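Step one of this worksheet: look at the structure below.
The values are calculated or read from the model by the stated rules, or taken from the named source; none is laboratory data. Predicted, not measured: the structure shown is a model, and the values here were computed from it. No Cβ is skipped: glycine too gets one built from the backbone with ideal geometry, and neighbour counts run over all protein chains shown.
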Amino acid sequence: MDSRTLTDGAVLRSARPGDEAGILACIHGLAVYEREPDAVENTVDALAESLFGAAPRVFTHVVEREGDIVAIAMWFVTYSTWTGRHGIWLEDLFVDDAQRGRGYGKALIASLAEVCVDRGYSRLEWTVLDWNAPAIAFYRSIAAAPMAEWTTQRLAGAELAALAATR
């Protein structure tokens with residue numbers, strides 16, 4: 001992704017080595033916003049390996065303003081067996097509270113839409129907490145459609161290990 005300067009002088013760009021602490025701060029900010037302040041186990045070192053190691057499988061676009069990372073979109077590539085094409089799963093979108101209303105969220109999602117179009121990907125998907133009315137309203141404003149018939153399923157922790165042990 002080419003970096004671009006936004007209207008207020010902030011820069012939207014792909015993450016690069018050295019951004020890990022700012023990205024992690026945004027992840028922590030998202031956890032607080034989502035009422036899970038103690039849930040983050042990620043570290044600067046883990047982010048460095050995941051984003052910039054030998055075989056990165058997760059990517060991040062950032063908004064940098066006055067030297068600080070103030071917004072992130074973390075994503076990875078998916079695959080649709082129905083379309084036979086890849087897509088993007090937006091894992092986290094976060095804009096620092098003090099930076100909201102500047103268009104950073106829309107700029108980040110638009111940058112992912114651009115990646116999808118440029119690469120011939122068929123979808124850009126994500127989840128949102130059902131109580132997050134401001135985010136839902138924002139997503140509707142950019143024409144995102146809810147997948148009302150689908151619910152997210154998860155195996156983690158002890159349940160994940162227990163199922164793996166049945167093999």
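Working only within the stretch 35-45, note down all residues that are surrounded by fewer than 15 Cβ atoms within 10 Å (Cβ to Cβ) and under 16 Å from the mean Cα position of the chain (by Cα).
Let us first name the residues in the stretch 35-45 that are surrounded by fewer than 15 Cβ atoms within 10 Å (Cβ to Cβ), namely 35-41, 43-45.
Across the stretch 35-45, the qualifying residue is only VAL40.
Taking the stated definitions as given, is THR7 β-branched (Val, Ile, Thr), at pLDDT below 95 and farther than 25 Å from SER122 by Cβ? Give the derivation first.
On the way: β-branched (Val, Ile, Thr): yes; at pLDDT below 95: yes; farther than 25 Å from SER122 by Cβ: yes.
It is true that THR7 is β-branched (Val, Ile, Thr), at pLDDT below 95 and farther than 25 Å from SER122 by Cβ.
Within the stretch 100-114, count every residue that is surrounded by 17 or more Cβ atoms within 10 Å (Cβ to Cβ) and part of a helix (DSSP H, G or I).
7
Does the stretch 74-86 contain at least one residue that is surrounded by fewer than 19 Cβ atoms within 10 Å (Cβ to Cβ), aromatic (Phe, Trp, Tyr) and part of a strand (DSSP E or B)?
We begin by selecting, within the stretch 74-86, every residue surrounded by fewer than 19 Cβ atoms within 10 Å (Cβ to Cβ); these are 76-86.
This time we only want the ones that are aromatic (Phe, Trp, Tyr), so: 76, 79, 82.
Subset that is part of a strand (DSSP E or B): 76, 79.
Yes, the stretch 74-86 has at least one match.
List pairs: first residue in the stretch 135-157 and among the aliphatic types (A, V, I, L, M), second residue part of a helix (DSSP H, G or I) and surrounded by 11 or more Cβ atoms within 10 Å (Cβ to Cβ) anywhere in the structure, Cβ distance under 8 angstrom, at least six positions apart or on different chains.
Cβ pairs passing all conditions: ILE142/LYS106; ILE142/ILE109.
Could you please find all residues in the stretch 116-153 being within 17 Å of PHE94 (Cβ to Cβ), assigned to a loop (DSSP other than H, G, I, E, B) and either within 18 Å of the chain's Cα centre (by Cα) or among the small types (Gly, Ala, Ser) (or both)?
Once the filter is applied, which keeps residues that are within 17 Å of PHE94 (Cβ to Cβ), assigned to a loop (DSSP other than H, G, I, E, B) and either within 18 Å of the chain's Cα centre (by Cα) or among the small types (Gly, Ala, Ser) (or both), the stretch 116-153 yields TRP126, THR127, VAL128, LEU129, ASN132, ILE142, ALA144.
Note down all Cβ pairs under 6 Å where the first residue falls in the stretch 33-57 and is at negative phi and free of Cβ contacts under 8 Å to residues at least 40 places away in the same chain, the second is loosely packed, with under 14 Cβ neighbours inside 10 Å and not hydrophobic (A, V, I, L, M, F, W, C), and they're at least six residues apart or on different chains.
PHE52/PRO17
Confirm whether ALA10 is surrounded by 20 or more Cβ atoms within 10 Å (Cβ to Cβ) and more than 16 Å from the chain's Cα centre (by Cα). Show your work before the answer.
Working: surrounded by 20 or more Cβ atoms within 10 Å (Cβ to Cβ): yes; more than 16 Å from the chain's Cα centre (by Cα): yes.
When the stated conditions are applied, ALA10 passes them.
Which residue is surrounded by the most Cβ atoms within 10 Å (Cβ to Cβ), if the candidates are limited to the stretch 120-167 and must be at pLDDT 95 or above, out of contact with any Lys or Arg (no Cβ under 9 Å at 6 or more places or on another chain) and among the charged types (D, E, K, R)?
GLU125
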